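The values are calculated or read from the model by the stated rules, or taken from the named source; none is laboratory data. On a predicted model such as this, the values are computed, not experimentally measured, just so you know. Cβ placement follows ideal geometry from the backbone for every residue including glycine, while neighbour counts extend to all protein chains displayed.
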Amino acid sequence: MPSYNYAKGLAYFLNAKPVTLFASAFYLISYTIRPEIKEVHYEDRDSFLSDDDGAPIAIFSHGLGGSRFIYSTFISKFAEIGWTVYAVEHTDGTACTAVGPQGEIIHYQPIGKDENSWKDLRKSQLEFRTQEILKILDKVGRTNRDIYLIGHSFGAATMFNVLLKDKIRDFNIKHVYLVDPWWYCFENESLQNLKIKKKVFVKTAITENFHWESQDLANENIKRANVDFWEEKHCPETSHQDLSDFAVHVPRLLKIAGQTGLNGGIKHISDVFEWFVI
C-alpha cells in the first residue's frame, strides 16, 4: 500500500475496529512486504511497451474492497514471465481506496439496507468498471500483442461484462482468466444476454467456499451460454481471499478470521497461476 489512506480504507471496508489500530497494522505489514514493481501509468504505455519486445499484456481488475496493490503477489507472477501487467484501480466506490482523476481520495462506498437499491448500485458500478476497462483497452489494446483479461470476484464479473460489449471485437483478446466471478448482477439475466461477443477462451477458478444457490445457478447459466469457450476448475481447501497479499504474508491472521483456506494464499496463487498460463 503506497499510503496510510489505503490501509485506512481497507480497515473501514472490513469493519475492523478500532480503525486507527488496524489501519496502522495493515500499513506496517504492507510496507514490509511490498514487492519491487515498476509502476507505470497507462498514459505512458508507448515508451513502456516498446521495451518489452512483444510481451503479452495483462489487465487485472480487483474485487470489492480491493485495490491495485492488494494482489501484488498474484499479478507479479505474470510480470515474472515477461508480461506487461496493468492493475486497474476502479474509481466507482468499490475499491477500499482509490485516487480519482483530480487526485481526490475515494474510499469504499457503503451500501444501504434495501436490497433493490443495493443491486441497482452494483449494476451501475459494474457498468462503470466495464467502461474503465474499455478505456484502458483503447489506450493499450490496439496492438498485435496478445491481451489477457484477469479478474477476481467483482473484478472477474467486470471482465466477463467487458466480453458482452460489441467494442471488445476491436482488441486482440487472447484469453480471459476469472477467479471466483461474483455473478450477483447477472442472476436474473436470460441466457441470450450472457453470450460473449468475442469468441475467446475463458478459464474460471472457483474456491471451495464461494458457493451459494443463486451464485451457482448463475454460474451454470453463464457456463451453458458459452460452453464452447469455457473451462472451469474447482479448488478444494481454498478460500475467496486467498489471492490477496495478506493471505500470503499473514495467513494465520486471516485464518483466525475465517478468511483464508487450508492451503493458504501462496499455494492457491501458484496453483491458479500455473493452471491459467502453463
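Let's see how each residue does on (1) at pLDDT 85 or above; (2) assigned to a helix (DSSP H, G or I); (3) closer than 23 Å to Lys139 by Cβ:
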| residue | (1), (2), (3) |
| --- | --- |
| Ala7 | no, yes, no |
| Thr20 | no, yes, no |
| Phe26 | no, yes, no |
| Ile29 | no, yes, no |
| Ile37 | no, no, yes |
| Thr73 | yes, yes, no |
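Inspect all residues belonging to the range 74-90 and state whether any of them is free of Cβ contacts under 8 Å to residues at least 40 places away in the same chain and of a type in the set (D, E, K, R). Yes: one or more hits.
Do we have Lys203 as at pLDDT 95 or above, more than 16 Å from Asn221 (Cβ to Cβ) and in the same structural domain as His62 (by TED's automatic domain parsing) here? For Lys203, the condition - at pLDDT 95 or above, more than 16 Å from Asn221 (Cβ to Cβ) and in the same structural domain as His62 (by TED's automatic domain parsing) - is met. Close Cβ contacts (under 6 Å, 6 or more residues apart or on different chains) running from residues in the range 150-172 that are touching a residue at least 12 places away in the same chain (Cβ under 8 Å) to residues that are assigned to a strand (DSSP E or B) and of a type in the set (S, T, N, Q) comprise Gly151/Ser61; Gly155/Ser61; Thr158/Ser61; Met159/Ser61. What single numbered condition from (1) modelled with pLDDT of 95 or more; (2) over 15 Å from the mean Cα position of the chain (by Cα); (3) assigned to a helix (DSSP H, G or I) fails to hold for Glu231? Of the numbered conditions (1) modelled with pLDDT of 95 or more; (2) over 15 Å from the mean Cα position of the chain (by Cα); (3) assigned to a helix (DSSP H, G or I), the odd one out for Glu231 is (3). If you filter the range 247-271 down to residues that are under 18 Å from the mean Cα position of the chain (by Cα) and either crowded, with 22+ Cβ neighbours inside 10 Å or outside the structural domain of Glu189 (by TED's automatic domain parsing) (or both), you find that the one that is modelled with the highest pLDDT is Ile269. As an exercise: evaluate Ile106 against (1) free of Cβ contacts under 8 Å to residues at least 60 places away in the same chain; (2) under 15 Å from Gly155 (Cα atoms); (3) assigned to a strand (DSSP E or B) and give the number of the one condition it does not meet. Among (1) free of Cβ contacts under 8 Å to residues at least 60 places away in the same chain; (2) under 15 Å from Gly155 (Cα atoms); (3) assigned to a strand (DSSP E or B), the lone unmet condition for Ile106 is (2). Exactly one residue out of Phe78, Phe69, Phe128 is within 25 Å of Phe276 (Cα to Cα), surrounded by 14 or more Cβ atoms within 10 Å (Cβ to Cβ), assigned by TED's automatic domain parsing to the domain that holds Ile196 and modelled with pLDDT of 90 or more, and it is Phe78.
Taken across the range 133-143, residues that are in contact with a helix residue (DSSP H, G or I) (Cβ under 6 Å, 6 or more places away or on another chain) and either closer than 22 Å to Lys223 by Cβ or not in a helix (DSSP H, G or I) (or both) do occur, with at least one present. Only one of the numbered conditions (1) in contact with a helix residue (DSSP H, G or I) (Cβ under 8 Å, 6 or more places away or on another chain); (2) among the polar types (S, T, N, Q); (3) surrounded by fewer than 16 Cβ atoms within 10 Å (Cβ to Cβ) is violated by Asn161, and that is (3).
Considering the range 182-226, and only residues there that are β-branched (Val, Ile, Thr) and assigned to a loop (DSSP other than H, G, I, E, B), the residue that is surrounded by the most Cβ atoms within 10 Å (Cβ to Cβ) turns out to be Ile196. Of all residues in the range 106-128, those being over 20 Å from the mean Cα position of the chain (by Cα) and under 15 Å from Ser67 (Cα atoms) number 0. The number of residues in the range 125-135 that are without any contact (Cβ under 8 Å) to a residue 24 or more places away in the chain and among the hydroxyl-bearing types (Ser, Thr, Tyr) comes to 0.
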